[in-house]
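Visitor: Supplied in structure tokens, the structure appears directly below.
The values are calculated or read from the model by the stated rules, or taken from the named source; none is laboratory data. Source: prediction; values computed, not measured. Here the Cβ is made from the backbone with ideal geometry for all residues, glycine too, and neighbour counts use every protein chain on show. We work out accessible area using only protein heavy atoms, side chains counted, and drop any ligands, DNA or RNA first. Shrake-Rupley method; radii C 1.70, N 1.55, O 1.52, S 1.80 Å.
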Amino acid sequence: DNIRYQARDLAIVRAQIEQFPIILSSATPSLETHNNIKKNKFTHVYLSNQFSGLALPDIELINLKNEKFEKSNWISKKILETLDECLVRGEQSLLFLNRRGYSPLTLCQNCGYRYQCNQCSSWLVMHKKKNRLLCHHCGAISSIGNTCIKCQAYDSLKLIGPGVERLAEEVESIFPNCSTRVMSSDNANTPNKIKNIIKDFENKKIDILVATQIMAKGYHFPNLSMVGVIDADLGLMGGDMRA
């Protein structure tokens, strides 16, 4: 509705115009920032300790080329094993996937048609619980049936890739006795709804939370011992859409 801009980039330009120093402070610097550090355009100041005094978490990268997935599964063996260990110890886990809905792409296996928005040509995202296709760019809503709208082939539609709804569905099928909840702007779209989910997580009413970036707000959960980032290289490497 208003003029959209990248505050970081404009701050850098402003600093250049006014000729004063600028500090970019972030726990998760962008790839552009990392690249500027490598090119010596930025000076890197690394904080090796947390303000709270707690130890920094151990981070492990998972090579998905070594993984064999079942059909429609997206969570690596290592993450599943760690989830199970956390549940046994009575600890909580968070699975992070910055993709709302059930699946980011719907296509016809017969003619290859990809469902896209009629207004802005972006791919339509499947929201299974509401049984509709939604454009996350302009907000257009489309219905979905059992036949392809282009070639009319019956039962030919295939959902490609996971969203948080699909990820939660997988978690529930593997750990049916644990409490799993989704948190995205679809179901946490008011301050009260966000507050209720956060409160339930703090009170250990949720064992595994599947969330988008709406959860990355600096919350403190003492019982949260594992965060699994799904599709960590999505959009950076292309690659297989699994984690």
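Visitor: Can you figure out the FRET efficiency of ASN118 with GLU60, using R₀ = 45 Å and their beta-carbon distance, to the nearest 0.05?
Guide: 0.55
Visitor: State the extension gain, in nm to one decimal, for the chain segment bounded by LYS217 and ILE149, taking 0.36 nm per residue of separation less the distance between their alpha-carbons.
Guide: Gain on extension, LYS217 to ILE149, equals 20.4 nm.
Visitor: Looking at PRO162, SER48, TYR115, which one has the Cα that reaches farthest to the positive end of the dipole of the chain (charges on Cβ: Lys, Arg +1; Asp, Glu -1)?
Guide: TYR115
Visitor: Hey, another quick one. Any idea of CYS148's accessible area? Nearest 10 Å², probe 1.4 Å.
Guide: Rounded to the nearest 10, that gives 0 Å².
Visitor: In nm, give the distance between the simple-model label positions of ASN203 and ASN35, each being 7 Å from the Cα along the Cα-to-Cβ direction.
Guide: Calculated label separation equals 4.7 nm.
Visitor: Would you mind getting me the FRET efficiency between ILE3 and ALA27? Use the beta-carbon distance for r and R0 = 25 Å, nearest 0.05.
Guide: Approximately 0.35, to the nearest 0.05.
Visitor: Relative to the present Cα-Cα distance, how much length would full extension add between ASN177 and SER72 at 0.36 nm per residue of separation?
Guide: 35.7 nm
Visitor: Give me the distance in nm between label points sitting 7 Å out from Cα along the Cα-to-Cβ direction at THR43 and LYS193, one decimal.
Guide: Reported label-point gap for THR43 and LYS193 is 4.6 nm.
Visitor: Sticking with this one: Given a 1.4 Å probe and every protein chain left where it sits, what share in percent of the accessible area of the chain is carbon and sulfur?
Guide: Whole-percent figure for carbon plus sulfur exposure: 49.
Visitor: Along the charge dipole of region 136-202, pointing to its positive end and built from +1/-1 on Cβ of Lys, Arg, Asp and Glu, which listed residue (CYS138, SER184, ILE194) has its Cα farthest out?
Guide: It is CYS138.
Visitor: Using a 1.4 Å probe, what is the accessible area per residue for region 104-243, in Å²?
Guide: Accessible area per residue: 57 Å².
Visitor: What net charge is computed for the residues neighbouring LYS193, neighbours being all others with C-beta under 13 Å from the C-beta of LYS193, Lys and Arg scored +1, Asp and Glu -1?
Guide: +1
Visitor: To continue, here is another question. Could you give the radius of gyration (one decimal) and Dmax (whole number) of the Cα atoms in the chain, in Å?
Guide: My reading of the Cα-based Rg and Dmax gives 20.7, 63 Å.
Visitor: While we're here: Can you list the chymotrypsin sites (Phe, Trp or Tyr not before Pro) in region 1-71 that are in a DSSP coil and have 15 or fewer other beta carbons within 10 angstrom?
Guide: TYR5, TYR46, PHE51, PHE69
Visitor: Accessible area of HIS34, 1.4 Å probe, to the nearest 10 Å²?
Guide: HIS34 has an accessible surface of roughly 80 Å² with all protein chains in place.
Visitor: Please tell me the relative contact order of region 1-150 in percent, rounded to the nearest whole number, where contacts are Cα pairs under 8 Å and at least six residues apart.
Guide: Reported relative contact order: 9 percent.
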